[in-house]
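Comments concern the structure below.
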Amino acid sequence: MEWNFIFFTNSILLGVGLAMDAFSVSLANGLNESEMKKSRMCFIAGVYAFFQFAMPLIGWFCVHTIVEYFNKFNYFVPWIALILLLYIGGKMIWEAFHENKGDESEKKLLTFPLLAVQGIATSIDALSVGFTIADYGFLMAFTSSLIIAAVTFIICMTGLFIGKRAGSHLSSKASIFGGIILIGIGIEIFVKGVFFS
């Protein structure tokens, strides 16, 4: 593979494709936290971008070293994403119905461990991108992963902004809607991974 227009276009398109799950989760997080500051939005989008950067590189490394074991692990990817997103989405819905009704202003903020779990769940399928970029040298794989991360960051910021705007109008229903989105993403990743791979 050469450093040309096709390389950069492919990397951007990979980034767009991989960022769709992270976009939906960002939308859900924006709905849940309508008062989110820009610095927090950048942090959340940055976490998703980091995982979208790391996963293809880990996949590339696996292809070049432990490909046999990686193939076996690939079967579990949809199951892991389903379990993580069902848990997070279910927890959001449960909390929306069981939160203290008199204390609407005290919304549960997204903690770093939960954010990391979301980042892993939405980027775990990017491990298989390591196969797509297997013929790249390390520098090209690194650059491609950086482009994927940049595209993810922009798309996630957009999702957070849209969710935040809509969340201020939806009020308490936002957590329920956000939870449903996360569960839907988990099911979509699972169905795609198990039945169409």
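The values are calculated or read from the model by the stated rules, or taken from the named source; none is laboratory data. Being a predicted model, the structure only gives us computed values, none of them experimental. Virtual Cβ from ideal backbone geometry, glycine too; neighbours counted across all protein chains shown. The accessibility values were calculated without ligands, DNA or RNA, using every heavy atom of the protein model including side chains. Shrake-Rupley method; radii C 1.70, N 1.55, O 1.52, S 1.80 Å.
If you check Ile88, Ile162 for being open to solvent by 30 Å² or more (accessible area, probe 1.4 Å), closer than 19 Å to Gly30 by Cα, assigned to a helix (DSSP H, G or I) and at pLDDT 75 or above, only one passes: Ile162. Against the list (1) closer than 22 Å to Asn74 by Cβ; (2) of a type outside the set (Phe, Trp, Tyr); (3) modelled with pLDDT under 80, the condition Leu170 fails is (1). Applying the set (1) touching a helix residue (DSSP H, G or I) at 6+ places or on another chain (Cβ under 8 Å); (2) modelled with pLDDT under 75 to Val67 leaves exactly one unmet item: (1). Tallying residues that are open to solvent by 20 Å² or more (accessible area, probe 1.4 Å) and under 20 Å from the mean Cα position of the chain (by Cα) within the stretch 123-150 yields 9.
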